[in-house]
1. Assuming 0.36 nm per residue, please report the length gained on full extension of the stretch Thr216 to Ser303 beyond their Cα-Cα distance.
2. Would you mind computing the Rg to Rh ratio of region 316-362 from its alpha-carbon coordinates, Kirkwood style for Rh?
3. Give the share of C-alpha pairs in each 5 angstrom bin for region 108-165, from 0 to the last occupied bin, in whole percents, shortest bins first.
4. Need one word for region 63-144: rounded, prolate or oblate. Basis is the Cα gyration tensor (sqrt eigenvalues a ≥ b ≥ c); a/c below 1.5 gives rounded, then a/b vs b/c decides.
5. Give or take rounding to whole Å, what are the principal axis extents of the alpha carbon atoms in region 151-272, in descending order?
6. By accessible area of protein heavy atoms, probe 1.4 Å, what ranking do Leu175, Leu132 get, highest first?
7. Computed FRET efficiency, Cβ-Cβ of Trp138 and Val79, R0 22 Å: what is it to the nearest 0.05?
8. What per residue convex hull volume, in Å³, do the alpha-carbon atoms of region 203-325 yield?
Amino acid sequence: MYVEQDIEFQKQKASLITNIELLENQRKIGILEAEADKRDAMVERGLDHWSDILVVVIYFVAVLAVGLWAFWRHARGTVTSYFLAGRRMTWFPIGASIYSSNIGTEHFIGLAGSGAAAGIAMISYEWTGLPLIALAAWLFLPVYISAKVYTLPEYLGKRFGGQRIRIYMSLLSLLLYIVTKLAVSIFSGALFIQLSLGWNNYVAIASLLLITGIYTVLGGLTAVIYTDAFQTIILTLGSFAVVGVSFHRIGGYGEFQQKYMQSIPAIRDDNTSCGLPRDDAFHILRDPVNSDNPWPGLLLQSSIGCLWYWCCDQVIIQRSLAAKNLSHAKGGAILAGYLKMLPLVMMIFPGMISRALYPGSTNTNNSATTTTTSNTIFPP
């Protein structure tokens, strides 16, 4: 009799556990559906106020106007004028253009997401760029200038002779840029517009390509540098506006640290530590053995691994080659280096604050986190 009662008890217990698990799964599904509905509504709603539409229109018109101003203002009748802006650029537009060429929407989305997911370690990729930019200006650039080249493949052709290495480098660079940079930049820019403003993804891509293509093709490097400088100013001012609102809402840096470490996503696997804030979230140099970003590997990759990007990449070096002299090229490198110190405050901190303010809106899956920082801080 006791055996039968024990079996019945075990059956009831198993049934109760099953019911509890079903209720918990339904609760999680309900939260997921609610979050999905919220994101869908955010995308569909987009611009719903005339002032928002006006700001976007003014921005695009201003960027196009700066590009067309450069088109009409400066001569483009020679190869030097078109590809190197006549070699008459000063340090400020050069430094701002280098920074804008490096920083894009993929940084705003990626660094904010990595900050929300795992803290500030990824800033090492930005900060190790400082000495590499200086190395390019003081060591590599004088060699490029003395060779009187327009492109890096041209320099390789002069240095080693023949056309094969020049053609190979040109094709390889073109392929890598399309696959690893342009595709990511275009998609992330369109995604940012789609999530922020509610535009259709294809409309956003077409708008980006159209406006950029008009002033780039017509104005050459001069238009690119001036529009980059203008966008650097807008980017910096807008980012600090987000930072100011973010820290005001969370109550300062101390509250930010405390609330971030207490932010647990609504949807996570209860049997693992995935989704929990890392104990070393506010550490840049982390454990060399057991952490998610061991500091030796991180510093090695972000320094030696990025040496080619900062010192031999056509997009970065071309800006410096447009300087009126070596002093202005070095000044632009110093300015770009100082600007590279800002992403910790401008991008990573807002991402972390968005998680601290709205932990239920952050979905974590292992180390991947998706968060829309600007929509969190400034809802449409």
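The values are calculated or read from the model by the stated rules, or taken from the named source; none is laboratory data. Note that the structure is predicted; figures quoted are calculated from it, not measured. We place every Cβ from the backbone using ideal geometry, glycine too, and count neighbours over all the protein chains shown. Side chains included, ligands, DNA and RNA excluded: accessible areas come from the protein's heavy atoms. Shrake-Rupley method; radii C 1.70, N 1.55, O 1.52, S 1.80 Å.
1. Going from the current span to full extension adds 28.2 nm.
2. 1.34
3. With 5 Å bins starting at 0, P(r) equals 4, 16, 15, 13, 11, 11, 11, 10, 7, 2.
4. Since a/c reaches 1.5 but b/c is at least a/b, the shape of region 63-144 is classed as oblate.
5. Each principal axis gives a Cα extent; for region 151-272 these are 61, 39, 31 Å.
6. Leu175, Leu132
7. 0.25
8. Roughly 215 Å³ of hull volume per residue.
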